[in-house]
Amino acid sequence: MTEEELHGCLQRLKEGDKDAFTALHDSIRHQVYGTVCLLVDRQGDVADVVNEIYIELFRSLPQYDRNRPFGAWLNGMIVRQCSNWSRRSWRRLRIQIRSRENASELLLPGADTPLLEQEQRGELLQLVAGLPPKLRSVVVLRYYGECSFDEIASALEIPLGTAKSRHHKAMRKLRQHAVFTEEDEMKGDYTCLSKVN
């Protein structure tokens with residue numbers, strides 16, 4: 001869907017056209033779901049976060065600035081909702097731990113459920129899942145969302161230099177934690193890393 005078609009769809013949605021919602025949903029659902037899968041640590045939380053994103057989209061629609069690219073606006077909303085969810089999850093976890101000293105349900109960083117592992121393309125994406133949220137957001141928007149640094153800065157509402165700096169730090173951390181054997185290098189099994197650089 002082109003930007004102009006999106007704007008028309010958003011206008012019809014504001015006017016209450018249910019078909020406009022279907023068109024918008026069909027246009028953005030893969031982007032929303034895929035980005036949330038990469039930003040949220042627990043696969044079981046993905047559906048809840050996606051629902052919150054659609055709710056926030058409807059709430060924020062009147063404030064959407066048509067002069068700003070819709071994709072950047074949507075990416076910013078996705079990242080904010082994922083960050084909010086992670087913060088709330090952490091608070092809930094701390095409350096559970098305090099109330100049950102013998103609780104064994106600890107959230108582990110990273111997403112290691114079989115469904116998410118199928119969606120992840122190898123070891124590199126598992127390393128991305130272990131990055132701090134601010135760095136992970138930049139990497140996901142850059143390589144999954146195929147955003148430029150300008151678009152990332154706009155989506156995250158940060159200066160361009162900060163977006164580039166976070167990208168650099170993320171790449172450095174990924175290189176530090178990526179371990180390849182000589183045999184892997186001979187086979188070329190590390191090529192996914194060079195695509196990220």
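The values are calculated or read from the model by the stated rules, or taken from the named source; none is laboratory data. All values derive from a computational prediction rather than experimental measurement. Note: ideal-geometry Cβ built from the backbone for every residue, glycine included; neighbour counts use all protein chains shown. What goes into the accessible areas is simple: the full protein's heavy atoms, side chains included, and nothing from ligands, DNA or RNA. Shrake-Rupley method; radii C 1.70, N 1.55, O 1.52, S 1.80 Å.
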* **When residues of the stretch 158-186 are limited to those that are of a type in the set (S, T, N, Q) and at pLDDT 80 or above, the one most open to solvent (accessible area, probe 1.4 Å)** => Q176
* Asked: If we scan the stretch 20-41, do we find a residue that is acidic (D, E) and either farther than 18 Å from M1 by Cα or in contact (Cβ under 8 Å) with a residue 60 or more places away in the chain (or both)?
  -> yes
* To do: Would you be able to say whether some residue in the stretch 17-34 is polar (S, T, N, Q), under 16 Å from the mean Cα position of the chain (by Cα) and either in a helix (DSSP H, G or I) or farther than 10 Å from I78 by Cβ (or both)?
  => yes
* Does L13 qualify as being of a type in the set (A, V, I, L, M), out of contact with any Ser or Thr (no Cβ under 6 Å at 6 or more places or on another chain) and within 26 Å of S86 (Cβ to Cβ)? -> no
* Asked: within 28 Å of A129 (Cα to Cα), of a type outside the set (V, I, T) and touching a residue at least 60 places away in the same chain (Cβ under 8 Å) - does that describe any residue in the stretch 44-67?
  -> yes
* Asked: Do any helices (runs of 4 or more DSSP H) lying entirely in the stretch 39-124 carry at least 2 residues that are modelled with pLDDT of 50 or more and either open to solvent by 30 Å² or more (accessible area, probe 1.4 Å) or under 18 Å from L141 (Cα atoms) (or both), and which ones are they?
  -> 46-60, 70-99
* Asked: Restricting attention to the stretch 22-40, does a residue exist that is out of contact with any strand residue (DSSP E or B) (no Cβ under 7 Å at 6 or more places or on another chain), of a type in the set (D, E) and under 25 Å from I158 (Cα atoms)?
  -> no
